[in-house]
Structure formats: structure tokens, C-alpha cells
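For reference, the structure is listed below as C-alpha cells.
The values are calculated or read from the model by the stated rules, or taken from the named source; none is laboratory data. Owing to the predicted nature of the structure, the values given are computational and were not obtained by experimental measurement. Every residue, glycine among them, receives a Cβ derived from its backbone with ideal geometry; neighbour counts consider all protein chains shown.
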């Protein structure tokens, strides 16, 4: 009986090699039996360092070959990192069911630390590639000469397979941003953005009033002014036109244009000027009057809130009428005065007095004044309430005074 038991145990032991592979290595349905080559353990020299070399603190992660975790059609070779301790040189690879891939010896460690590489730009699957901005200002050169440790050229492969170049080195090893961005575009600031005063200023005004019924009255007033000021010159122009009818009959039709050009001298309050005026009035003895004067202006004071300037000169005027043309030598005296109460309110006035040098009993005066209120700062809309006086001591068949009251809206520029 004992002999039969021994024979049975021997038979079972003899059948184990044929039963174990099917029981232990059975694979689920759909999974290949060959898991692929298993790399063998590397044979390292005894002098290989026992720890990984220490990298500089500024070293970032190295660029990856497949940042979006997509399958790579060509599998890369498996490079094994150094072992933490020296293995036994006589150790042998672990046996496997398939032939092992030959061991790949690690590369010799570099003698100097690896250059600093900026972090790899990340890309979200399905989103547009993230393209970093090129480095415009390269870092300063190192103390030992040469360039900084940051390489001037850095390429990163994006999900679309394109390459982004951050910079191209120039001939001396530096950084040349023009090779990537082209010549730099310099945006010139306007005079206002640079804090400089504007060269041209001015405005256009318009007023209208009237009535309809028992009385038919229509009165229109139009005006414009412009000033051009630089460091050496001041040019000012002012235009006024008035027209009115009553019961469909015209009773006012007049125009006044004044232009003055001053040369601003450095280091003095004096400035020479040349002024000209043109007048038209349908209801005076003359139709047109032209005048031209030259003289000197003097700036009495100029502050943030006020300005006062006087002037005097000599010239001549020409009166043109259907009957004759008359020339009159004249002396002139005038002033300009501005006062700013607040950022939105100010008072402006100017006057000119003309004396006929050939007839001392004949004078004429032009006075203008207005109180201005800034209504809308965004559009520079200003309300003007003012008067304008024209006086002639010898007006002929007309009255000596023409006094106008007005309320207009001005758009400044």
C-alpha cells in the first residue's frame, strides 16, 4: 500500500510542469499573451556615483516629447536612470518568457551643470496652442564673459506639430529680436499724450431767435475763432456774422473778421504784431472797410487763472463805398483780458480803439466780451453769453452805436 502511495505522489509531481503554465499564466480574453520585451537591468561600473547629480536650483522641467499624452507611432528606446546603489557586477538579468532587450548603458554625466531651461509651455487638449512671447531683452552676460545661461534659441513642439522659436542668436552670440519680430515699431505719442500744449485751438458758435405771428422776426448769429500758438508765434483769428429780418424785410446784414499775428520773443514780455480787419455792413455809408496795423504787444501778467495783454500801433484803414474810396491813417490801442473762475467758467474780453490821425474828431471802437460756461466736457459744448459793440463817431447817415446781445452755443476743438 505504501508503495502505491509513493508511486501516485511521483506521478502527480511529474504532471505539475504541464499543469502550472495553464493555471498560473492564464490571460483574460482579448489580452495578448506577449506583454512585450522586458528590459534587462544595466551593468554599471563600480565607480558610478551612488546618487543622482545635483542640478542648479534654476533648472526647470525639460521639454517633453508628447505633452498631450497621445500615442506615439514610433516607441522611443527605454533609457534607464542610474541605480541608487552599486549593484553586483556579476548579477544576471531576470529570466523571462521572451527574449530581453539588450541593456542600454547610460550616458556619461556632464562635467558642468546643465544650462537653465525655461519651463515648457503647457497646452490643454482641444485648445489653441499657447505661444509664449519672445524674450526682447536678453539677460546680462555672466561675469566670466559670454552670454547668460539662458539659451537664445528654445524650441517647443506644440500639439499641432508646429515649432515656436523664441529667438535667434546674432553673430556675436547675443539675442536678435529683429530676426523674429522684424524691426521694432515705435508708436509716436501725440502732443497731448506727451503733455505738450496743442498747436491749434478754436471753436464754432451759432445762435438763432425769432418769432412768428403778429411780428415776424428772424435773427441769426454765426461765429468762429481759431488760435495757433507755438513757442515763437501766436496767430489768432475771429469771425462774426449777423443777419436779421423783420416782417420779411432785411434790417441787418454785417460781418467782421479780425486776424492778428504776433512774434513771441524769448526772454521778454514784448512781442511785435501785425493785425488786419475786414468789415462789411449793408446799412452804413461804406460797404467794406479794410484796416491794417503794426505795433508792439506787452504781456502784463499771465497766471493759471488770468491773462492781461496790451498793445499799441499805427496803420491805415480804407473805406469802400459805391460813391468813393477813402484812406485814413490811424493809431490804435487795445487789450486782451481773460479770467477763469473755475474749470468750467471763464470771462473773456478784448477791445481796440482807433484814432484817425488826419481828423482828431473821428474815432472808432470795437469791444467784445463773453461769459462762457462749459456745458458738456466730453463734447466741449460751451454756452456763451455776451455783447459786441461797434462805435463810429462819424457814421454818416447811420447811428454811431451798434450794440449786439447774444446767447450762442459753441463747439470747441
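Tabulated data for the structure shown
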quantity: Qualifying residue in region 286-302 (condition: part of a loop (DSSP other than H, G, I, E, B) and buried (at least 16 other Cβ atoms within 10 Å of the Cβ)); calculated: yes
quantity: Cross-chain or 6+ apart pairs with Cβ under 9 Å, region 200-218 first and within 12 Å of residue 412 (Cα to Cα), then part of a loop (DSSP other than H, G, I, E, B) and at pLDDT 90 or above; calculated: 203/380
quantity: Residue 296 being within 17 Å of residue 366 (Cβ to Cβ) and touching a residue at least 12 places away in the same chain (Cβ under 8 Å); calculated: no
quantity: Flag for residue 376 being loosely packed, with under 14 Cβ neighbours inside 10 Å and free of Cβ contacts under 8 Å to residues at least 24 places away in the same chain; calculated: yes
quantity: Top-ranked residue in region 303-337 [being assigned to a strand (DSSP E or B) and under 37 Å from the mean Cα position of the chain (by Cα); ranked as nearest to residue 358 (Cα to Cα)]; calculated: 307
quantity: Test for residue 283: is it surrounded by fewer than 16 Cβ atoms within 10 Å (Cβ to Cβ) and touching a residue at least 40 places away in the same chain (Cβ under 8 Å); calculated: yes
quantity: Residues located in region 205-232, provided they are under 25 Å from residue 291 (Cβ atoms) and either outside any strand (DSSP E or B) or in contact with a strand residue (DSSP E or B) (Cβ under 6 Å, 6 or more places away or on another chain) (or both); calculated: 205, 221, 222, 223, 224, 225, 226, 227, 228
quantity: Scope region 317-327; condition surrounded by 14 or more Cβ atoms within 10 Å (Cβ to Cβ) and either farther than 17 Å from residue 291 by Cα or at pLDDT 95 or above (or both); matching residues; calculated: 317, 318
quantity: Odd one out for residue 355 among (1) modelled with pLDDT of 95 or more; (2) over 30 Å from residue 327 (Cα atoms); calculated: (2)
quantity: Residue that is closer than 25 Å to residue 221 by Cβ, over 49 Å from the mean Cα position of the chain (by Cα) and either crowded, with 16+ Cβ neighbours inside 10 Å or at pLDDT 95 or above (or both), where the choices are 384, 364, 340, 346; calculated: 364
quantity: Single residue of region 242-271 satisfying the filter (within 23 Å of residue 351 (Cα to Cα) and loosely packed, with under 15 Cβ neighbours inside 10 Å) that is nearest to the chain's Cα centre (by Cα); calculated: 263
